[in-house]
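**Q** Encoded as C-alpha cells, here's the structure I'll be asking about.
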Amino acid sequence: MKRLCILYFSFLIFCFHCGFCQPTGKIEIITSDGRIKTLIEKHIAFNENKGSIKGFRVQIFFDSGNNSKSRAVTAMNDFTLKHPETKAYLMFQEPNYKVRVGDYRSRMDAQYFLHKITEEYPDAFVVKDNEINYPGLDDE
C-alpha cells in the first residue's frame, strides 16, 4: 500500500512538472491575408464574366444541306410560339444547323421537359451542353 501511494504521488509530481515544462512562445493568429482576399476577388470576377454553366438542353431540330438554315429558323420560331416561357437557341456546327431549347441544371429536368413535348417533337432528345444560361431556381 505504501509503495502504491509513493508511486501514485511520484506520477502526480511528474505530470504536474511536465505540464509546466512547455516552452512559452509567441502565437500569431492570422485573421486575414491580403493574398487570400485578392484570390477571392479574382475568383468572383472570373465567375461574373463567365455567365454560363454546364447543363442540359433538349435538341428539337438537326439538319444540314440546302435551306437547312431557313428550316432551323422556322423550327425555332414555331417552338417559341408554342412555348414562349422556354428559350430556344439556333446553333451552327459545320455543316449542321441545330435548334436546342431550355436551360436545365440536371438531366432529369431536361428529361421531364422532353416528356412534355414528345408528341410535338418525336425526334427530340436530351443533350449535354457546356454553356447554358443560368436557369432560375423558381422554375425547378
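**Q** Give me the residue from the range 51-89 that is within 23 Å of SER106 (Cα to Cα) and in contact with a Leu (Cβ under 7 Å, 6 or more places away or on another chain) and, out of that set, surrounded by the most Cβ atoms within 10 Å (Cβ to Cβ).
**A** VAL58
**Q** Residue check: is ILE40 over 30 Å from ILE117 (Cβ atoms) and modelled with pLDDT under 85?
**A** Working: over 30 Å from ILE117 (Cβ atoms): yes; modelled with pLDDT under 85: yes.
Taking the combined requirement at face value, the residue satisfies it.
**Q** Quick one: would you say PHE92 is at pLDDT 85 or above, hydrophobic (A, V, I, L, M, F, W, C), in a strand (DSSP E or B) and exposed (fewer than 14 other Cβ atoms within 10 Å of the Cβ)?
**A** yes
**Q** For ARG35, which of the numbered conditions (1) modelled with pLDDT of 70 or more; (2) closer than 30 Å to VAL101 by Cβ; (3) among the charged types (D, E, K, R) fails to hold?
**A** (2)
**Q** Could I ask something else about it? May I ask you to list the residues in the range 119-134 that are surrounded by 11 or more Cβ atoms within 10 Å (Cβ to Cβ), not in a strand (DSSP E or B) and not hydrophobic (A, V, I, L, M, F, W, C)?
**A** GLU120, TYR121, TYR134, listed by residue number.
The values are calculated or read from the model by the stated rules, or taken from the named source; none is laboratory data. If you're wondering where the values come from, they're calculated on a predicted model, not measured in any experiment. Cβ coordinates were reconstructed from backbone atoms using ideal geometry, including for glycine residues, and neighbour counts include every protein chain displayed.
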